[in-house]
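These notes concern the structure reproduced below.
Every read-out reported here was derived from the displayed coordinates using simple, explicitly stated rules and does not represent laboratory data. Source: prediction; values computed, not measured. Every residue, glycine as well, gets a Cβ built from its backbone with ideal geometry; the counts of neighbours run over all protein chains shown.
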């Protein structure tokens, strides 16, 4: 892994620190994120709900709200068709709850991943309409590229609203009401990169606002704020940029997530060992809550997670939350085995290729975990990766994960003649193809990187935000870094480097043996560290080394201590070019 330190204009840093009375360290971190103007820095450090824009500025929102109000006033039934990931499930729950508050008859269906596939497919549409007669269908986190299915619903005499954030790759359905910022080019709007949970929050906000304006008797009894925790869960899990309105929604949603949670959320927090947390962090969602919700759609049925978040009976919630954990444990085992097999295949067949397309059938090639494995592989191998699992009826279905600066959607578009379906985002895609097209597709996909890719295929890189001394590792530093939370896409947690230090004691394996603990010393005493899944390359104590880590509080049994979370280490390099050097592999 190559290390390099972000370069920051010291004059700009000093200017920002002086204008806002910030510490030089905090000003440095802001400028390194491209936040140089005092007003922008102030809004970033102190985001306010009042900074959210009028939801009716989003194209299609006014038409969508008017059609929903018609359903409320005329007591029409509504069917919601969601998606099986956290974004789709939280969106479904938000819209269901706000409609139920206004006494609307609302039902929902979530696609079965293996049997029906992603999105607004004919299978899930037929199942939903057969089970729940309705006059209005609302598609959440899907539908943008489902013109045929949408037209079919419209021809049956029903109206359709699509609330989605996926890029349009086919002709849009003009007769449907579409709320999707990505139908237009990015012009810097603060809502442009909202995921569907964010758009669902905006829809709820707009609906409540409009009903208050027309004097609905219930409109003053509900606040959009109650949907912020669900919105934050979807936003953080979907890895959208945590800038502008995404930052506001996720920050306030995290604050409220553990404050008087619903019975379903309360059970989920307890099952995730977060019930007693004073302040929830982004990683609590992405590493503890979201995997449990996603595991339902991967291993079992996403309906279990949706039921949990809508359920009001505490006993039933505890049962459902426990079931989510069981699914997640099954997912971990399958994922670990598939990762091992897929990496072995990649190293054997694609070591010299600009990208990877691994494939297989049977165990452990489970369609529910291919996306996670693709993400792990792209990080480990430093190149875009597709992981395809063969379905029982002879079609390969899979997911891909890319690298920053490239666009997997463009690569798939260039070879879509081999695909039965495909779609997604620049860094994450889903696809399907017939087995007879597999080899032709692989050849075509790899060839697209010669013409389309802007990413130099190199080994993974590690960005260093700050080079500090051991004496700087103090509680005050954590407090300064914490002002930048929540961390995530486009706002990563700062990585700190200490050069030329010797470990205080020998590293010690912990847990199941995959991890190790270590420590360094400064004038305040020992500072402990943890290295996750790195026990195969433990650092020496007899040599000076460089450490790259994130600094956090480790809270346990009511106590908290500083903890370094190791990103990488290497033998110390006494050179001006230290930050272009490799870690020790």
| query | Using a basic spin-label model with each label point 7 Å from the Cα along Cα→Cβ, how many nm lie between residue 183 and residue 220? | reply | 3.5
| request: Just need the relative contact order of the chain here, percent rounded to a whole number, with Cα pairs under 8 Å and 6+ apart. | output: 12
| said: Treating the stretch 350-448 as a set of equal point scatterers at the Cα positions, no solvent, please give the Debye-formula log₁₀ I(q)/I(0) at q = 0.16, 0.20, 0.24 Å⁻¹. | reply: -0.58, -0.94, -1.39
| query | For labels at residue 524 and residue 170 in the simple 7 Å Cα→Cβ model, what's the distance in nm? | reply | 5.8
| request: Would you mind checking the tilt of helix 370-381 against the longest principal axis of the Cα atoms of the chain, expressed as 0 to 90 degrees and rounded to 10? | output: 30
| task | Subtract the Cα-Cα distance of residue 279 and residue 69 from 0.36 nm times their separation in residues, and report this length gain in nm to one decimal. | result | 71.9 nm
| request: Determine the equivalent ellipsoid of the stretch 113-157 by diagonalising the alpha-carbon gyration tensor, then write out the semi-axes as square roots of 5 times the eigenvalues, largest first, rounded to whole Å. | output: 16, 13, 9
| Cα centroid separation, the stretch 259-303 to the stretch 392-440 (Å) | 30
| task | Take the alpha-carbon centre of the stretch 324-339, take the same for the stretch 11-72, and report the distance between them in whole Å. | result | 38
| When you count, for each residue, the other Cβ atoms within 10 Å and take the mean per peptide, how do 378-390, 78-90 rank with the highest first? | 78-90, 378-390
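Below 8 Å between Cα atoms, with a sequence gap of 6+, how large is the relative contact order for the stretch 374-489 in percent? Don't skip to the end; give the middle numbers.
On the way: 154 pairs, mean separation 25.8, N = 116.
Relative CO of the stretch 374-489 lands at 22 percent.
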| Kirkwood-based shape ratio for the stretch 1-141, expressed as Rg/Rh from alpha carbons | 1.22
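Find the Rg to Rh ratio for the stretch 253-379, where Rh is the Kirkwood radius over alpha-carbon pairs and Rg uses the same atoms.
Numbers: Rg = 17.3 Å, Rh = 16.0 Å.
The Rg/Rh ratio comes out at 1.08.
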| request: Give the Rg (one decimal place) followed by the Dmax (whole number) of the chain, computed from C-alpha coordinates and expressed in Å. | output: 24.6, 77
| query | Along the three principal axes, how long is the stretch 203-306 when you take its alpha carbons, biggest first, rounded to the nearest angstrom? | reply | 44, 30, 26
| note | The percentage of Cα-Cα pairs in the stretch 323-406 separated by more than 15 Å is 54
| query | What is the gain in length, in nm to one decimal, between residue 319 and residue 556 on full extension, counting 0.36 nm per residue of separation less the C-alpha to C-alpha distance? | reply | 82.7 nm
| Can you give the relative contact order of the stretch 441-556 as a percent, counting alpha carbon pairs under 8 Å and 6+ residues apart? | 25
| note | Hits in the stretch 26-50: amide N under 18 Å from the 7 Å Cα→Cβ extension of residue 255, namely 41-50
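Okay, helix-only estimate at 222 nm for the chain: each DSSP H run of n ≥ 4 adds -39500 (n - 2.57), divide by all residues, round to 500 deg cm²/dmol; what do you get?
Details: 19 runs with 223 residues, N = 585.
That comes out to -12000 deg cm²/dmol.
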| said: Just to be sure I understand the curve: with the Debye formula and one point per C-alpha of the stretch 82-202, what is log10 I(q)/I(0) at q = 0.13, 0.21, 0.22 Å⁻¹? | reply: -0.48, -1.29, -1.40
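Between residue 536 and residue 436, what is 0.36 nm times their sequence separation minus the Cα-Cα distance? Round to one decimal in nm. Working shown, then result.
Details: separation 100, 0.36 × 100 = 36.00 nm, distance 4.03 nm.
The span from residue 536 to residue 436 would gain 32.0 nm if fully extended.
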